[in-house]
Structures are given as C-alpha cells and as structure tokens.
Amino acid sequence: MFEPSGKPRVFGVPAGADFPAVLVQGLMLAQTGMPPDALARVRFLVNTRRMARRIRDLFDAGPALLLPQVELVTGPAPDILSAAIPSAAPPLRRRLEIAQLASTLLDSQPDLAPRASLYDLADSLAELMSELHSEGVAPDVLRQLDVSDESGHWKRALSFLGIVQHYFGETEEAPDGETRQRRVIESLCAQWQLEPPSEPVIVAGSTGSRGTTMLLMKAVASLPQGAIILPGYDFDMPHAAWKDLDEALTAEDHPQYRFRKLMVELGIEPSDVRRWGETPPPNPARNRLVSLALRPAPVTDQWLSDGPHLHDLPSAMKDVTMIEAPSKRDEALAIALRLRQAAEEGQTAALITPDRMLTRQVSSALDRWNIVPDDSAGTPLQLSPPGRFLRHISALFHQKLTAEALLTLLMHPLTHSGSDRGPHLLLTRELELFIRRKGVPFPDAETLLAWGAAHKHEYAVGWAEWIVRCFVGKDTSEPERLAVRLSAHLDLAEMIARGGKHAETSELWKEDAGRKAQETVQELQREAEYGGQMSARDYADLFGAILSRAEVRNPDTPHPGILIWGTLEARVQGADLVILGGLNEGSWPEMPAPDPWLNRRMRFDAGLLLPERRIGLSAHDFQQAIGAREVWLTRSVRSDDAETVASRWLNRMTNLLSGLPDQGGPDALGAAKRRGQHWLAMARKLEEPGQTPAAPRPSPRPPVGARPSKLSVTEIKRLIRDPYAIYARHVLRLRPLDPLMSAPDALLRGIVTHAILERFIRDTLTDTSALTSERLLALSDAVLTENVPWSDARALWAARIARIAEPFVASEHSRRLLATPTYFEERAELSLDGLNFTLVGRADRIDMDQTGRAHIYDYKTGAPPTQPQQIKFDVQLLLEAAMLEQGGFRAIGPAEVARAVFIGLGGGVKEVLAPLEEESADRIWTRFEKLIGAYFTPEQGYTARRALFRDTDISDYDQLSRFGEWDITTDPTPEELS
C-alpha cells in the first residue's frame with residue numbers, strides 16, 4: 001500500500017475536515033488498482049469506539065467491499081500475546097484497596113489529612129499511580145526529585161506515595177489497567193521488532209497524549225507498512241512556529257504541541273508530514289486565521305509580521321456567528337433557536353461544549369418544540385431516579401430520620417412501586433399534612449404507629465408498620481465491612497421499592513437507568529471484599545462517588561440531526577453546523593484540577609504530564625471544530641451573577657481580527673457579531689411574556705350567607721388591617737401550608753414562653769417562696785428541652801429568658817399584691833344580637849382580686865401594641881374585657897374588669913395597659929358590633945391590605961391578591977360574587 005520510505009510515514013488531516021470520512025476516502029484512493037482482498041489486510045488502530053463505529057458506518061453505506069480491520073489502540077495485541085500477561089484488576093478494586101491503605105495511614109498519623117478527604121485522596125492517588133504506569137515512571141524517580149526546601153507537604157505526600165510502592169515492579173497481584181496496557185504494548189513492540197507485519201498498520205485519530213499510546217505510535221511508524229494519520233493537523237504553521245513548541249513548559253497548552261513532540265520522537269520535520277487524501281478543508285482561510293491566532297503566547301508578536309499576509313478575512317469569517325449573551329439562559333435560547341431551524345431545514349447540527357449546565361439548558365429549551373437532541377454524554381447515574389433513590393437510602397444509615405428525608409423517599413416514584421401505588425400516595429399525602437400540622441421534625445416509631453392507628457384507611461396500620469420497619473432507627477455509628485453495609489443497603493432499597501404488601505418485584509432495576517444502576521451495584525458487590533471496614537458516612541460518600549462516574553443515555557428516541565457532543569467528538573463526527581458553546585475561561589478550557597501531590601515543575605522533572613496537557617487537548621479540539629463549514633461561537637457575559645472572562649482562544653481571534661483593519665478584520669468581526677445579535681434579539685422576543693393588564697386591587701363581596709360567622713379576638717385585628725386575608729381563610733377556606741420542618745420561629749417561641757410562664761405561675765400559687773428567678777430558669781430549661789430540639793435556638797431562647805427572669809419575678813410580686821392568678825387559657829364565647837355571628841377567644845391569664853374584679857393579662861414575646869394602636873387596630877384585650885363583663889367567660893360569669901394588660905417580654909419586661917378609661921367595654925363592644933354589622937351588608941367588600949402597619953409587611957395571601965400589580969394607592973375594585 002505504501003511506497004518504501006527512509007522516514008516514518010506521518011500523514012495529517014486538516015482542521016475542520018470530517019476525519020473519519022477523509023480517512024476512508026484516502027484509504028480508497030490509496031487502494032486504487034489493488035486487488036479486492038488488499039483492503040481486508042489493512043489494519044486501523046483508532047482511539048475511540050465511537051471512531052470505529054463511524055468508520056464502519058461509512059463502509060456500510062456501500063458499495064460492497066471487503067472491510068479493513070478496525071481496532072482500538074488499547075487492544076492491538078494478538079490474543080496469544082495478551083494471554084501471557086495477567087488480566088488487569090478492575091479500577092474499582094484498586095481504588096478500594098488504596099482507600100484502605102490510606103485509611104490505615106490516617107489512623108496512625110491523623111495529622112496527615114482530614115478523614116473526610118479519604119476517598120478523594122484515594123482517587124487522586126490512584127490516578128497518579130495510573131499516570132506513573134502509563135508514562136513509565138517509577139516511584140523512585142519522585143523520591144529523587146530535588147525539593148530544596150523539603151517542605152512538610154512533600155513529606156506528607158511521600159507518606160502516601162509509599163503505601164502504593166508495592167504496586168510497582170514485580171508483584172503477584174493483578175496489574176492495574178494502565179500497567180497491563182503498557183506491558184502489552186511493550187511486548188507487541190518487541191514482537192514487531194523481531195517479526196514486523198507485512199500488512200499495512202495505521203494509527204488514526206490519536207494525538208499521542210499518553211505515554212503508552214506514544215510508544216505504540218512510534219512502533220507503528222517504524223513498521224515497513226506502518227503509518228500515522230493525525231487529526232486536525234495545522235498545515236499552515238511555518239517551520240519557525242513549530243520550533244517554538246519545543247519547550248513543554250511554555251507550549252504544552254498549544255493545540256499542535258503533541259504533534260510536535262511526536263515529530264521530535266520520530267526524528268522528522270513538519271515538512272515530512274503529508275496530507276492524507278485529496279479532500280480540502282471546508283474553509284482554508286479560516287484555518288490560516290486560527291493557526292496564527294493560536295500561536296504560543298510568548299511569540300504572539302508574530303501577529304505583526306504574519307498578520308498582514310492574511311488577505312481573505314471576510315471569506316474566513318463569512319459563515320461564523322459570534323454571540324456574547326447577557327446570561328447563560330440567553331445563550332442557551334439563541335442556540336436552541338438555531339438548532340430548531342436546523343431541524344426544520346434538515347441540517348445536521350452539533351453543539352460542542354464541556355459545559356453540562358449549558359447543554360441541559362439547551363435541551364430544556366428544545367423541549368418546548370418536542371426536539372430531543374442526541375446527547376453523547378447522557379445523564380449522570382447519580383441524578384437518575386434510581387441513583388437518587390439509592391443515595392437517599394444510603395443517607396438513612398448515617399443521619400437521624402427527619403420529616404424531610406422521610407417524605408422525600410415516600411414521594412419518590414420508585415418507592416412502593418411493586419403494588420398499591422395509589423393507596424401509598426394517598427397515605428403519604430395524609431401523613432405529610434399530619435407532620436406539617438403537628439410539627440414533627442423527627443418522626444419516631446411511636447408517633448407513626450399512633451398516626452396509623454388513628455387513621456380511618458384500612459391500609460393505614462400496616463402501612464405505618466412498614467414505614468417503621470423501613471425508615472426508623474437505621475442510623476448507626478459503628479463501623480462495618482463494606483460487603484455487609486452494601487447488602488443492608490440493597491436489602492432496604494428492595495424493601496422500600498416493593499412496598500408494604502411485599503410485592504415480588506418493583507420498578508427499581510427496570511428501564512435503562514435501573515439496569516445501569518444494577519450493573520454498577522453488581523460491580524461494587526464483586527469488589528466489596530476489598531473495601532474493608534467503614535463508617536456509614538464513609539459508605540454513603542463512597543457509594544455516591546461510584547454512581548457519579550456512571551452515565552445513562554437518554555431513553556427517548558433522539559432527533560437524528562440535532563447532536564450534543566463533548567469536545568472529543570469533534571474529531572469523530574462531521575456536521576453542517578457546529579456550535580461551540582460556553583467559550584469562557586474555566587469552562588472551555590477547564591482549569592486544571594489542583595494536584596495534591598506534585599507541582600508543575602516537579603511533574604516536568606519527573607517526566608509526567610503537565611497540568612496544561614488537558615488545556616492543549618481542548619485547544620486541539622477547538623481548532624478542529626472551528627474549521628467546520630458553518631460555525632457558531634457563543635459565550636455568556638455573566639454566569640451565576642458574576643462577570644465571565646472570554647475563552648483565551650476566542651479572545652485571541654477577536655484581538656487578531658481587530659488589529660488587521662487593512663485586511664477587513666474589524667468589519668468581518670463586526671459582521672459575525674451582528675449575526676449573533678440578530679439571534680439574541682429573536683431569543684429575547686421568544687421570552688417576552690406579552691402584554692397582560694395589571695390586576696386590580698381586589699375587594700370581593702361574597703354573599704352574606706357565605707361570610708364568616710365565627711372569628712377569634714386575635715382575628716379582628718386582621719379583619720381591620722387586611723380584610724382580604726379573612727375572606728381567603730374563611731370564605732375560600734385557603735390556609736397557608738405549615739412548614740415541613742418545624743422551625744424555631746416567633747410563633748413557636750411564643751408558644752414555649754407561654755407554657756413556661758403558665759407552669760411557673762401555677763407552681764407558685766401555693767408556694768410563694770418558689771416565686772424566684774432561679775425557679776423560673778430551672779423550669780424554662782425543662783420546657784425548652786422538651787419542646788425545642790434545636791440546640792442553637794434552645795440556647796438562644798434560654799439566654800433571653802435569663803435576661804427577663806429577674807424583672808419578670810419582680811413585676812410578678814407587684815401583680816400578686818393586686819390580685820391572685822385564677823384562670824389560665826380560659827375560653828370565651830359571645831354572640832352578637834341580631835347577627836349570626838359569634839366571637840370566641842382565649843385569655844392567657846385572668847387574676848381575681850378580693851373585690852371580685854378581674855385583671856386580664858396577655859403575654860407578648862414581641863413588642864406589645866401601644867394604646868393608640870389598641871384603640872384603632874389591636875383590640876384583642878379590649879374585646880376580651882368586653883366579653884368578660886358581658887359573661888362571655890362562662891367559668892367566670894359577668895364581672896367588672898379592673899384592668900387589662902399586655903406584658904411585653906422582648907428585650908425586657910414591659911407592661912402596657914389597655915385604654916379602658918378612654919375606650920370602655922361598652923363602647924368597644926358597640927364599635928365591634930358596628931364593624932361586624934358592616935361586613936354583613938352586601939355592599940361591604942373585603943379589601944386587600946386595607947391598613948397594614950407597614951407597606952413592607954407581608955400577608956399570607958399577597959400572591960392570591962396579586963399584590964405588586966397594584967399598590968396601596970390603588971383604589972379597591974369591588975367584585976360581586978355569587
């Protein structure tokens with residue numbers, strides 16, 4: 001196939017070309033005049049399975065031929081050669097082993113690293129070990145590095161490196177994957193030196209970024225019929241520019257650096273790299289522009305000398321659209337609109353980006369047009385329904401059961417999926433309302449069983465018992481072997497998924513996500529014996545990390561022409577339109593992850609890969625993709641409320657174009673941006689909600705018979721200040737949903753404070769010597785411990801009670817001189833003459849003096865209302881006084897009210913008297929009858945936010961009244977209801 005050559009055969013395919021298609025076309029051209037069986041003897045070694053499938057698909061398109069052999073660079077050795085080398089240990093097993101070694105080291109030297117970082121350390125250590133094997137670097141090389149300061153960090157790093165020393169050299173243990181792969185390649189190279197194959201062997205699509213792959217490429221290049229075909233090769237770089245890539249420390253992040261290193265390894269020059277095939281790149285002018293823009297940073301002064309030679313910039317930028325969106329959402333919408341147009345016109349369009357958040361937003365935007373893109377990455381298994389389900393269950397073993405955790409699992413679609421899913425959902429809803437209403441932050445067996453016994457549903461008792469078996473008391477702090485923990489975890493998951501009727505099957509392991517989860521779990525089961533002992537928390541962290549490495553492909557049938565790729569796919573596929581999205585620093589290219597073991601210089605001295613390697617590979621993918629026929633370059637100016645920085649490659653292109661006015665660079669750049677603005681304008685138009693008239697300020701007038709016939713004295717203040725809230729609560733019967741997790745809010749603080757004071761006053765009625773601040777504080781500690789499970793809130797509230805204890809006791813002595821505490825939480829009820837209305841109430845405390853007069857007290861943990869406020873709005877105490885004088889408190893009967901007092905317990909103890917002298921009981925009752933009578937006339941409406949204390953006060957029903965579309969200056973709009 002190839003003519004004899006004194007130099008290694010290295011070919012290149014220019015950026016932007018459809019590499020597999022050009023590969024096949026060039027092969028067929030080289031086979032011209034050859035017998036049919038010659039093609040079958042050609043052996044391709046490609047870098048990904050996706051590349052192999054694409055090549056096969058191209059041949060399958062016809063005509064009928066004998067096909068070449070297509071293999072991966074990771075498995076080119078004959079079976080007989082591979083069999084002589086032990087099988088590789090599964091990566092999971094090796095990580096579990098390293099985690100155990102690291103755990104033992106941390107147990108003996110706790111100051112080396114925090115325990116929480118155990119599995120992250122194990123992963124990074126395993127990756128370093130894999131890289132050492134791949135690059136052929138022994139650990140002794142690291143120990144011999146010149147670390148002049150001999151820092152404590154390096155000593156700690158060497159401690160960890162020492163625990164994996166035995167994995168290197170001769171060992172009876174199964175090698176890891178990289179070690180085995182290098183041994184296979186080394187054996188294959190040795191065999192080829194003795195018996196070189198006569199048939200053509202071609203390495204295609206690899207950049208040689210790993211040491212093992214570079215070793216294979218060098219061996220293939222030395223074969224009689226060996227060749228290397230490089231993807232995205234820059235034929236426009238001058239020889240001097242290639243020389244600038246010789247220094248790894250300054251050029252590793254250049255897209256062509258790997259190719260230059262290969263040339264040095266093979267002893268060839270850039271002129272020795274020939275073009276594969278005869279297919280030209282889609283846009284040669286753009287390739288020349290990008291080639292100059294991406295020159296190494298130290299030599300960008302070459303723009304001044306080489307830039308004037310770029311004479312076809314308008315042609316280079318003709319099919320380029322640049323978008324700088326205000327936000328990531330705008331960027332995603334503009335991309336989605338273009339993809340929709342491509343789908344309608346039958347174009348093949350590909351979005352290429354490493355930003356998974358952007359791809360999810362684009363997929364969501366496409367959903368409105370029922371377009372499901374073909375996403376090559378899929379969904380992380382941990383975010384799939386089975387993944388979330390299993391992770392929630394693993395948390396039960398290390399966290400005390402909370403109402404939130406319980407209901408999250410009960411509502412999961414996989415819970416109780418074996419049978420009777422309907423009754424399960426009904427009872428889950430009932431249990432949620434019970435938990436919200438009663439404020440049960442930590443459900444226990446007693447509470448759940450009592451609820452089940454009290455519920456009328458025939459299935460409630462058994463269902464509650466099932467909940468107790470599955471969810472209560474699972475947390476434990478004792479360490480246990482991984483195999484035991486995994487077995488308990490999966491048994492519990494099966495029990496929860498099958499449900500309370502013990503169905504034989506469930507939906508847990510079904511569908512694509514379920515099968516992938518089962519496959520992942522089975523792998524962990526096979527290797528669990530190597531995991532040793534671990535705590536429940538460590539197990540949950542490990543399990544979540546394992547799930548995060550697996551992915552589930554979209555189960556829906558995707559659109560064949562709308563594709564979402566990672567950066568690597570740019571080498572594999574071709575598309576009519578290529579969209580390079582998320583072109584911001586930190587996204588594309590991604591910043592190198594921090595290395596806990598070696599700094600950049602140490603890596604270079606040891607012969608390991610530099611952190612910039614990944615940037616260089618991303619740069620190569622960028623250069624390959626931007627050479628397509630039609631290209632979009634998109635980025636968002638802001639992301640997560642922070643300014644972004646344009647990708648270095650995009651920044652270089654714009655700077656270069658802006659600096660070439662004589663060649664039309666600024667005009668070409670401006671035209672590309674104007675095209676982008678056009679699509680952004682359409683995206684903004686898509687988001688416009690349209691013109692909707694503002695809602696009026698509501699003042700509904702329901703029928704008199706539907707209006708509330710009973711209110712409490714505390715609700716009269718709301719009736720005066722916000723009548724619409726009374727309408728929504730009592731006419732529409734809408735109530736705010738209680739919080740799922742009871743919070744230490746002002747309401748609970750008031751309830752607890754009332755309970756403490758009531759018990760204190762009762763206990764000191766017969767024993768006045770107990771009327772001390774010490775007794776009050778001791779009682780408050782007991783009540784807080786019983787009713788406030790939040791330690792921080794309990795401590796804060798105890799401190800507040802301690803501040804008011806002495807002044808409250810002192811003022812209580814004064815109150816006892818006036819009257820004796822007699823009634824606590826006493827209920828009252830009084831009807832209005834001539835109206836179907838009843839006022840109800842409950843007094844915190846009523847003292848009776850020797851003359852039979854009543855003293856009414858109400859505790860306020862906040863600021864008590866002033867006397868003017870009580871006259872106009874906060875009429876609670878005044879109404880209680882009027883009800884008492886009219887016999888509304890049946891246990892007391894009609895009695896004269898000597899005084900009514902708010903006792904403020906905020907920053908101190910403050911008494912505020914009700915203005916009974918200015919507003920007598922008879923007068924307040926007359927005013928009250930007039931107020932209620934007005935609301936029993938058809939013309940009176942329940943106006944929203946009639947007289948709230950502040951404009952900024954929040955009502956529970958502001959959303960219902962659509963407050964914000966109107967304000968307090970808007971006149972109410974009456975609405976007759978029937």
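The values are calculated or read from the model by the stated rules, or taken from the named source; none is laboratory data. This is a predicted model, so every value here is computed, not measured. No Cβ is skipped: glycine too gets one built from the backbone with ideal geometry, and neighbour counts run over all protein chains shown.
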The residue from VAL73, VAL10 that alone is closer than 21 Å to LEU215 by Cβ and at pLDDT 90 or above is VAL10
Pick out the one residue from LEU390, LEU401 that is part of a loop (DSSP other than H, G, I, E, B) and not assigned by TED's automatic domain parsing to the domain that holds LEU737.
-> LEU401
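Among the residues of the stretch 571-623, what is the count of those that are of a type outside the set (S, T, N, Q) and part of a loop (DSSP other than H, G, I, E, B)?
Filtering the stretch 571-623 for residues of a type outside the set (S, T, N, Q) gives 571-572, 574-583, 585-586, 588-598, 600-617, 619-622.
In the following step, the residues that additionally are part of a loop (DSSP other than H, G, I, E, B) were identified as 572, 574-576, 581-583, 585-586, 588-598, 607-611.
Result for the stretch 571-623: 25.
Which one of these is outside the structural domain of GLY16 (by TED's automatic domain parsing), within 30 Å of GLY664 (Cα to Cα) and touching a Gly at 6+ places or on another chain (Cβ under 7 Å): ARG295, ARG258, ARG286?
ARG286
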Wholly within the stretch 659-760, which helices (runs of 4 or more DSSP H) include no fewer than the required count, namely at least 1 residues that are without any contact (Cβ under 8 Å) to a residue 24 or more places away in the chain and of a type in the set (Asp, Glu)?
-> 713-721
Among the residues listed as LEU776, LEU765, the single one being within 53 Å of the chain's Cα centre (by Cα) and on the phi < 0 side of the Ramachandran plot = LEU776
Select from the stretch 95-114 the residues that are assigned to a helix (DSSP H, G or I) and over 21 Å from ASP595 (Cβ atoms) and write down the one among them that is modelled with the highest pLDDT.
-> LEU96
Taking PRO592, is it within 25 Å of the chain's Cα centre (by Cα) and without any contact (Cβ under 8 Å) to a residue 60 or more places away in the chain?
-> yes
How many residues does the stretch 657-684 contain that are under 15 Å from ASP330 (Cβ atoms) and of a type in the set (A, V, I, L, M)?
-> 4
Here are ALA895, ALA882: which of them is farther than 24 Å from LYS860 by Cα, at pLDDT 90 or above and surrounded by 14 or more Cβ atoms within 10 Å (Cβ to Cβ)?
-> ALA895
Being surrounded by 13 or more Cβ atoms within 10 Å (Cβ to Cβ) and within 20 Å of THR861 (Cβ to Cβ) narrows it down to one of ARG815, ARG729, ARG827, ARG762, so name that one.
-> ARG815
If you scan the stretch 461-503, which residues turn out to be surrounded by 21 or more Cβ atoms within 10 Å (Cβ to Cβ) and part of a loop (DSSP other than H, G, I, E, B)?
-> GLY499, GLY500
Could you tell me which residue of the stretch 536-578 is modelled with the highest pLDDT, considering only residues that are more than 28 Å from LYS318 (Cα to Cα) and out of contact with any helix residue (DSSP H, G or I) (no Cβ under 9 Å at 6 or more places or on another chain)?
-> PRO558
For the stretch 836-858 the number of residues that are part of a loop (DSSP other than H, G, I, E, B) and of a type outside the set (Phe, Trp, Tyr) is 6
If we scan the stretch 778-796, do we find a residue that is modelled with pLDDT of 90 or more and of a type in the set (Phe, Trp, Tyr)?
-> no
Which one of ALA365, ALA395 is crowded, with 17+ Cβ neighbours inside 10 Å, within 22 Å of the chain's Cα centre (by Cα) and free of Cβ contacts under 8 Å to residues at least 60 places away in the same chain?
-> ALA365
Kindly list, by first and then second residue, each pair from a residue in the stretch 770-784 that is buried (at least 16 other Cβ atoms within 10 Å of the Cβ) to a residue that is in a loop (DSSP other than H, G, I, E, B), limited to pairs with Cβ atoms under 6 Å and residues at least 6 apart or on different chains.
-> LEU771/THR764
Say we look at the stretch 900-937 and pick out the residues that are among the charged types (D, E, K, R) and closer than 20 Å to ARG749 by Cα; which of these is nearest to the chain's Cα centre (by Cα)?
-> LYS910
Flag for ARG286 being charged (D, E, K, R), in contact with a Phe, Trp or Tyr (Cβ under 6 Å, 6 or more places away or on another chain), at pLDDT 90 or above and at negative phi = no
Quick one: which strands (runs of 3 or more DSSP E) sit completely within the stretch 894-977 and have at least 2 residues that are touching a Gly at 6+ places or on another chain (Cβ under 9 Å) and over 30 Å from THR820 (Cβ atoms)?
-> 972-976
Residues in the stretch 636-646 that are out of contact with any Asp or Glu (no Cβ under 6 Å at 6 or more places or on another chain) and either more than 23 Å from TRP303 (Cα to Cα) or buried (at least 20 other Cβ atoms within 10 Å of the Cβ) (or both): how many?
-> 7
Members of the stretch 952-978 that are more than 32 Å from the chain's Cα centre (by Cα), more than 16 Å from ALA694 (Cα to Cα), free of Cβ contacts under 8 Å to residues at least 12 places away in the same chain and exposed (fewer than 11 other Cβ atoms within 10 Å of the Cβ) | THR952
Name every residue in the stretch 195-253 that is touching a strand residue (DSSP E or B) at 6+ places or on another chain (Cβ under 6 Å) and assigned to a helix (DSSP H, G or I), in order of residue number.
-> MET217, VAL220, ALA221
Which one of VAL731, VAL752 is among the β-branched types (Val, Ile, Thr) and over 30 Å from ALA798 (Cβ atoms)?
-> VAL731
How many residues are surrounded by fewer than 13 Cβ atoms within 10 Å (Cβ to Cβ), modelled with pLDDT under 90 and closer than 19 Å to ALA15 by Cα when one looks only at the stretch 239-272?
-> 1
For the stretch 778-834, what are the residues that are outside any helix (DSSP H, G or I) and of a type in the set (Gly, Ala, Ser)?
-> ALA819, ALA828, SER831, GLY834
Scanning the stretch 480-521 residue by residue, the ones that are closer than 13 Å to ALA550 by Cα and not hydroxyl-bearing (Ser, Thr, Tyr) total 9
Within the stretch 273-305, considering residues that are of a type in the set (D, E, K, R) and in contact (Cβ under 8 Å) with a residue 24 or more places away in the chain, the one surrounded by the fewest Cβ atoms within 10 Å (Cβ to Cβ) | GLU278
